[in-house]
Every structure is written in C-alpha cells, then in structure tokens.
Amino acid sequence: MNYGFETLAIHAGQDPDPRTGAVVPPIYQTSTYAQDAVGAPRLGYEYSRSGNPTRDALQECLAAIEGGRVGLAFASGLAAEDALIRTVCAPGDHVIIPDDAYGGTYRLFAKVAQRWGLTFTAAKISHPDAVRAAVRPGQTKIIWVETPTNPLLGIADIAALAGIAHETGALLAVDNTFASPYLQQPLGLGADVVIHSTTKYLGGHSDVVGGALITADAGLGAELAYHQNAMGAINGPFDGWLTLRGIKTLGVRMDRHCDNAERIAEYLTSHSAVAQVLYPGLSEHPGHETAAKQMRRYGGMISFRAAGGEAAALRICERTRLFVLAESLGGVESLIEHPGRMTHASVAGSALEVPADLVRLSVGIETADDLLADLEQALG
Ligand SMILES: *Cc1c(COP(=O)(O)O)cnc(C)c1O
C-alpha cells in the first residue's frame, strides 16, 4: 500500500467488519472464542490475551503509521517498555538511556531492571560521541532514546545513533511519544524498534492508558509478540478501540498542536517572567537543525524556566485557568505541570534531576488566543 499518513491512520487494519459491515471495528469484549473442533478455532482466535480482533486492528494500524511490519499494543507505555527490555536483554546486559529520560522510564531501569541484573548508563543522547563512549561492546544490547525528550525537549540524531548502534551490535529503540508518527518516523531513519505511550498523542483525548512497540524486523517482531503473550500486559479491547478512534485524527490534531505551540513558544521567548524557552522549533534551540532534518514539525510540548525560580514556577502552574494543572500530555486540552514535583519526582536526587524552575506545557488544540490570554494572566 502506498497510501499517505492520514489514509493509513483512518483505514489500516480497519476494513469494514466482514460479518456485519460495521464501518468501525467492533469492540470484541470477549475473553474466549468458540472452537469448531478440538484445537480448531474459527479465525485463529483462542483467548484474548493471545489475540483479539480489536487489538489486531489497532496493532495493524500502529505498524502502518510507523512504517513498520509488526505493531504490538500493551496496557501502558511502561508495560511496552518492560516487554521490550525483557525480550531483548538478559541479566548482565547493559543499556544506554537518555540522561533526561521520562521519569517512569528511569525508574523502570533504576528500581526494577537493575535489581533484576541489568546495568545502564544515562548518557547525553544529543551528543552521538557521548553515546558512542558509553557503549560496552558485546554487553550493550539497547541504545534507548527519546526525541524530543521529556521534559527538557532535547533532540537526538536518530540516523547517527542508528549507525552507532549497528556498528556495535546493539538495537536502537526510540521512544516516539512526544513526536508521534505524524511528525517523525524513526524506523525509516534506521531505528530497530519504536516505543509509544499511546496514552498521549495517539489516543489524544486523555481518556485511555496504553502503550505500543513497533518494528520493521519480522524476527524481532515475532519475539516481541511471543513475550507480549507470555508476559501478558496486553491492551484491552475497549482501550484499543478508543486508541484507534484517536489515531484517525492524529494528523489534523498534530498540525493544530504545532500551530498553537509555535505561537506560544514565540510569545514566551519575549516575556520577562520567562528565563528560557525549550522548544525545538526555535532557531536558538541546540537541537533545532537535527529536529528540522528528522521531524515534519516540532510538536506540541514546550518547557520553560521561570525567571523567579521554583516559587515562580509553582505560582504559574497554580494560576492558569484553561491550562489544567495535571500530569500527562498529548490530549486535545492544554495541560501545565511542574516536572520537578510531579512527573519527574521519581528522578529527584539522581543524575536526571530536572531544574526546579522548570514548567512544562502540553499545548492543546483550543483557540490559540485563549491560550495566550491564559498564560498572560498567569505570568503577570
Ligand atoms: C508517559 C510516557 C511514558 C510512559 O507511558 P505510560 O502510558 O504512562 O505507561 C513513556 N515515555 C514517555 C516519553 C512518556 O511521556
């Protein structure tokens, strides 16, 4: 199929239901399936941990929109990460992670995987030389990157890191949650596997938690699928249905997220209450050129440092009216949060600690003027 992104988002895996003609894939809310004879399930479905038609529709769509061959949907982004780590790594192996990784990803490595025998190095993934220096040949199994990173909006050069990973026999895994496949397609740049928290832009409406792994490598895809079933952290049918429904509008939503974020980033840049704006779309952002090379646009996430320190950052977070004070991101509604005390509290005291004056915005798709007016009153 040579269809464009939006066509795939709406149709891939979503042919009308063969039995009823339903245009939208039904929610197959069933745990098990009748068999015509012993060991002869009708369409290959035996038990919904192993396979479910609603999940299959989502998985096929995820693979198509990321340009992969195998898509797998999990109960959450972290469940997807756990499945990836335990499929690819064994005790004694080593992984490189971003030195400003999502707090939950860091916690998974530091508090769970490490206890289980995995070692990791937090490296500056915006500097390919730093990543190369952190590789332990033969022991490093995954170079794990987020780009843009959460919450500092750092940019990693996916093609350059794929080169380093493949020279050293490691896999390049890219957490594409912040960009979404509409803005960035890591597999096409050489990544081996893409990770998503579908909770964010793919679901897009702050009403469902889910995760995904996508790969273009059929062998790796089969191993991951085996572990998805063996470990069991699958995406449920209703959650999968909500996520598929969200994906249909991903392209139009992302364009509006980007329009609004570009305006807000410009506005914040010239505000005296703001010390620094972190947005890859700004020409002064250190990752701007790399982002321009590998992203369609720059996304809906903006972080900024308050000029008045932590107290000022907290005050701004508590004063907005339209921007809801809440964790998470990627929904149609705008959110504001203080990473140091909220999403990234789990990295406090570690090398990944985030600045106390940092504020993170998930810019929604409301009327841009209303969002600007809300920030104006909150910063004033
Ligand atoms: C939210 C998030 C995750 C974790 O996903 P959950 O669905 O919350 O488990 C992983 N990576 C990034 C970049 C995220 O923002």
In the stretch 208-218, what residues are touching a helix residue (DSSP H, G or I) at 6+ places or on another chain (Cβ under 6 Å) and either free of Cβ contacts under 8 Å to residues at least 12 places away in the same chain or in a loop (DSSP other than H, G, I, E, B) (or both)? VAL208, GLY210, ALA216
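Which ones in the stretch 79-96 are within 11 Å of the ligand (Cβ to nearest atom) and in contact with a strand residue (DSSP E or B) (Cβ under 8 Å, 6 or more places away or on another chain)?
Start the filter on the stretch 79-96 by keeping residues that are within 11 Å of the ligand (Cβ to nearest atom), which leaves 79-82.
Once the filter is applied, which keeps residues that are within 11 Å of the ligand (Cβ to nearest atom) and in contact with a strand residue (DSSP E or B) (Cβ under 8 Å, 6 or more places away or on another chain), the stretch 79-96 yields ALA79, ALA80, GLU81.
Here's the yes/no breakdown for (1) in a strand (DSSP E or B); (2) open to solvent by less than 40 Å² (accessible area, probe 1.4 Å):
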{"residue": "GLU333", "(1), (2)": "no, no"}
{"residue": "ALA356", "(1), (2)": "no, no"}
{"residue": "LEU361", "(1), (2)": "yes, yes"}
{"residue": "ILE365", "(1), (2)": "no, no"}
{"residue": "ASP369", "(1), (2)": "no, no"}
{"residue": "LEU372", "(1), (2)": "no, yes"}
Need at least 2 residues that are open to solvent by less than 30 Å² (accessible area, probe 1.4 Å) and under 14 Å from VAL194 (Cα atoms) per element, so show me which strands (runs of 3 or more DSSP E) inside the stretch 77-178 make the cut, counting only ones lying wholly within it. 140-146, 171-175
So, in the stretch 184-203, exactly how many residues are part of a helix (DSSP H, G or I) and within 14 Å of the ligand (Cβ to nearest atom)? 1
Please specify each residue of the stretch 205-222 satisfying the condition of being within 15 Å of the ligand (Cβ to nearest atom) and either polar (S, T, N, Q) or buried (at least 24 other Cβ atoms within 10 Å of the Cβ) (or both). SER206, GLY210, GLY211, ALA212, LEU213, ILE214
So, first residue in the same structural domain as SER126 (by TED's automatic domain parsing) in the stretch 291-312, second residue in a loop (DSSP other than H, G, I, E, B), Cβ within less than 6 Å, six or more apart or across chains; the pairs are none
When residues of the stretch 46-62 are filtered for being crowded, with 24+ Cβ neighbours inside 10 Å and part of a helix (DSSP H, G or I), how many remain? 7
Six or more apart or on different chains, Cβ under 7 Å: which pairs go from a residue in the stretch 76-95 that's without any contact (Cβ under 8 Å) to a residue 40 or more places away in the chain to one that's more than 12 Å from the ligand (Cβ to nearest atom)? Could you list them? PRO91/TRP116; PRO91/GLY117; PRO91/LEU118
Where a residue in the stretch 121-139 is without any contact (Cβ under 8 Å) to a residue 24 or more places away in the chain and assigned by TED's automatic domain parsing to the domain that holds VAL95 and its partner, wherever it lies, is of a type in the set (D, E, K, R) and open to solvent by 70 Å² or more (accessible area, probe 1.4 Å), with Cβ under 8 Å and at least six apart: ALA130/LYS124
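Taking GLU262 as the residue in question, decide whether it is surrounded by fewer than 20 Cβ atoms within 10 Å (Cβ to Cβ) and either within 15 Å of the ligand (Cβ to nearest atom) or acidic (Asp, Glu) (or both).
Taking the combined requirement at face value, the residue does not satisfy it.
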How many residues does the stretch 16-45 contain that are within 25 Å of PHE74 (Cβ to Cβ), modelled with pLDDT under 95 and exposed (fewer than 13 other Cβ atoms within 10 Å of the Cβ)? 2
So if I check each of LEU268, LEU202, which one is touching a residue at least 12 places away in the same chain (Cβ under 8 Å), buried (at least 18 other Cβ atoms within 10 Å of the Cβ) and either farther than 20 Å from PHE323 by Cβ or among the acidic types (Asp, Glu) (or both)? LEU202
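The values are calculated or read from the model by the stated rules, or taken from the named source; none is laboratory data. As the structure is a prediction and not an experimental result, all values here were calculated from the model. Cβ sites come from the backbone with ideal geometry, for glycine too, and all protein chains shown count toward neighbours. Ligands, DNA and RNA are excluded from the accessible area calculation, which covers all protein heavy atoms including side chains. Shrake-Rupley method; radii C 1.70, N 1.55, O 1.52, S 1.80 Å.
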